[in-house]
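S.K.: Before I ask anything, here is the structure I am working with.
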Amino acid sequence: MEMRQGLKVAGYDPDLVDDVVAGEISITRDEIRGLLCRDGFVHITGLPYRDLALKDDDGLPLEGTIQPSRSELGRWDRNNGKMVVVTIWGEVWLSTSDEFDVPALEDICPNGREAFVPMSNTDVIDPHCLLHRVYRQNWSGPGDEFSPVPKFRD
């Protein structure tokens, strides 16, 4: 798949937009998902995580689900051998790949770097859930418990 160059996004509502259009340039959500899957990324939005360094009031590891903040939309970053892409729709994708085509990131993530990179320090994603997502990118668990639809942190 050939990525289109020069995509710039401003003033969109990720809940309403299926395709991003800038002048004559258009890229669909499915095109982005296909590119990320092809290059070894896993869709991790909504999956449960545990932070082994942070504790709750009972002294247990802090738990939650992987969700983007609005400031991370259309951003990417790297940390400790992991790479994250947060699409403009709020989908969080993770890879261990350092070989991803950075010019393509300019199209997928028009807002540049500065995104939180899950699993790059003390947080871990439930391996059972992660393996389900490797097999099926929109797996949501029993009763949609781990829905891949973003619920923003802010």
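S.K.: Is there a quick way to get the dipole size of region 29-144? I mean about its Cα centre, with the Cβ of Lys and Arg at +1 and of Asp and Glu at -1; what is the value in debye to the nearest 20? Please report the intermediate quantities before stating the final value.
M.R.: Working: 12 positive and 20 negative charges, 35 e Å.
Here region 29-144 has a charge dipole of around 180 debye.
S.K.: Work out the FRET efficiency for THR28 and ASN79 from their Cβ-Cβ distance, taking R0 = 30 Å, and round it to the nearest 0.05.
M.R.: Using R0 = 30 Å, I get an efficiency of 0.55.
S.K.: Another question, then. Tell me, what does the Kirkwood hydrodynamic radius of region 29-144 come to in angstroms if you use every pair of distinct C-alpha atoms?
M.R.: 14.5
S.K.: Another question, then. Using amide H atoms built 1.01 Å from N in the peptide plane, name the residues 5+ places from LEU62, or on other chains, whose amide H lies under 5 Å from its own.
M.R.: Residues meeting the amide H criterion: ASP51, LEU54, LYS55, ASP56.
S.K.: Let me ask something else about it. Around CYS129, with a cut-off of 14 angstrom between Cβ atoms, what is the net charge of the other residues, counting Lys and Arg +1 and Asp and Glu -1? Let's see the in-between values first.
M.R.: Working: positive: ARG50, ARG133, ARG136; negative: GLU63, ASP123, ASP126, ASP144, GLU145.
After counting each charged neighbour, the total is -2.
S.K.: While we're here: Quick check on region 34-78: what are the equivalent-ellipsoid semi-axes from the Cα gyration tensor, as sqrt(5λ), descending, whole Å?
M.R.: 27, 13, 9
S.K.: Using DSSP to define loop residues, name the trypsin sites (Lys or Arg not before Pro) in region 84-154 whose beta-carbon has at most 11 other beta-carbon atoms within 10 Å.
M.R.: Loop-located and lightly packed - ARG113, ARG136, LYS151.
S.K.: Apply 1/(1 + (r/R0)^6) to the Cβ-Cβ distance of LYS55 and HIS132, taking R0 = 30 Å, and write down the FRET efficiency to the nearest 0.05.
M.R.: For R0 = 30 Å, the calculated efficiency reads 0.60.
No value in this document is a laboratory result; all are computed from the given coordinates. Since this is a predicted model, take the numbers as computed values, not measurements. Note that we place each Cβ from the backbone using ideal geometry, even for glycine, and neighbour counts take in every protein chain shown.
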